[in-house]
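K.L.:
This is the structure I want to talk about, given as structure tokens.
Derivation of every value follows stated rules applied to the coordinates shown; laboratory data play no part. Note that this is a predicted model, so its numbers are computed, not measured. Note that each Cβ is placed from the backbone with ideal geometry, even for glycine, and that neighbours are counted across all protein chains shown.
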Amino acid sequence: MTRTGALEELRVVEWAGADLGVRLAARLFADFGAQVFQICEQNCSPNDSEVLALRRLADSGKQLIAPSDPRVEQLILSADVLFESRSQPLPESLRRVALANSALVQVCLSPLGSFGDLAAWQADALQVCALSGTSIALGELGHPPLHFPFGIPSFQTAFHAAAAALVALRAR
């Protein structure tokens, strides 16, 4: 496959899990020509049709690699960017490999930050919407809370993650 685009010289590794933001951030790099390797089990897609459609969108333009593939360590050692989720981080053995790549830009997405009082909390889009106060505008009093539709928080997270990675690449 011939890649063209502003990022065609970059190699990106995505440690794919359930986090749609991670997948979308890596997809943005693929859209601009980067070579993106998605490290994910073959069955890492959900059964929910809306989420599955978003995952198909986020997963296109990438090469799927199983975590057990012997090339995983070399991919991380030669990567320019690594995207992962705090909720499904790299195993410790691969964390050591990533640390050995001094030029690697590591982007770890977390719904509530990596530091501070809420860093250890697990959260999805519904909790983030509630904590941010946006649930007030999305629901009605006396009814269950609603969250943004169509993965909007994941898209917003992906844009910020991709921008942060690009700034870090520029600075290295």
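K.L.:
Compute for the chain: radius of gyration divided by Kirkwood radius, i.e. Rg/Rh, restricted to C-alpha atoms, rounded to two decimals.
P.N.:
That ratio is 0.99, to two decimals.
K.L.:
Using the count of nearby Cβ atoms within 10 Å as a rough guide to exposure, how do HIS143, HIS160 rank from fewest to most?
P.N.:
The order, fewest Cβ neighbours first, is HIS143, HIS160.
K.L.:
Taking the inverse of the average 1/r across all pairs of different Cα atoms in segment 47-135, what Kirkwood radius in Å do you get?
P.N.:
This gives a value of 15.5 Å.
K.L.:
If the only charges are +1 at each Lys and Arg Cβ and -1 at each Asp and Glu Cβ, what is the size of the charge dipole of the chain around the Cα centre, to the nearest 20 debye?
P.N.:
420 debye
K.L.:
ARG170 to GLU8: FRET efficiency via 1/(1 + (r/R0)^6), r the Cβ-Cβ distance, R0 22 Å, to the nearest 0.05?
P.N.:
My answer for the efficiency is 0.85.
K.L.:
With +1 on each Lys and Arg Cβ and -1 on each Asp and Glu Cβ, and nothing else charged, work out how big the dipole of segment 73-120 is about its Cα centre, in Debye to the nearest 20.
P.N.:
40 debye
K.L.:
So, one more: In the chain, with Lys and Arg counted as +1 and Asp and Glu as -1 at Cβ, which of these residues, SER102, PHE37, VAL128, has the Cα nearest the positive end of the dipole, that is, farthest along it?
P.N.:
SER102
K.L.:
Turning to a different aspect of this structure: What residue among VAL72, PHE148, LEU52 has its Cα farthest toward the positive end of the dipole of the chain, where the charges are +1 on Lys, Arg and -1 on Asp, Glu, each on the Cβ?
P.N.:
Ranked along the dipole, the leading option is VAL72.
K.L.:
Looking at the chain, send over the antiparallel percent of its DSSP beta bridges, to the nearest 5.
P.N.:
Around 5 percent antiparallel, to the nearest 5.
K.L.:
Before rounding to the nearest 500, sum -39500 (n - 2.57) across all DSSP H runs of length at least 4 in the chain and divide by the residue total; then give [θ] at 222 nm in deg cm²/dmol.
P.N.:
Rounded to the nearest 500, it is -12000 deg cm²/dmol.
K.L.:
GNM, the chain, Cα, under 10 Å: largest mean-square fluctuation among LEU104, LEU141, LEU24?
P.N.:
LEU141
K.L.:
Find the eigenvalues of the gyration tensor of the Cα atoms of segment 97-143, then list the square roots of 5 times those eigenvalues as equivalent ellipsoid semi-axes, largest first, in whole angstrom.
P.N.:
Semi-axes from the Cα gyration tensor: 34, 11, 8 Å.
K.L.:
On to the next question. Go ahead and run the numbers for FRET between LEU57 and GLU92, Cβ-Cβ distance against an R0 of 41 Å, rounding to 0.05.
P.N.:
Result of the calculation: an efficiency of 0.85.
K.L.:
What distance in nm separates the two pseudo spin-label positions at ALA18 and LEU138, each 7 Å out from Cα along the beta-carbon direction?
P.N.:
Each label point lies 7 Å from its Cα, and together they span 1.7 nm.
K.L.:
Considering the chain as a Gaussian network with a 10 Å cut-off on Cα pairs, which listed residue, ASP117, ASP31, ASP19, attains the greatest mean-square fluctuation?
P.N.:
ASP117
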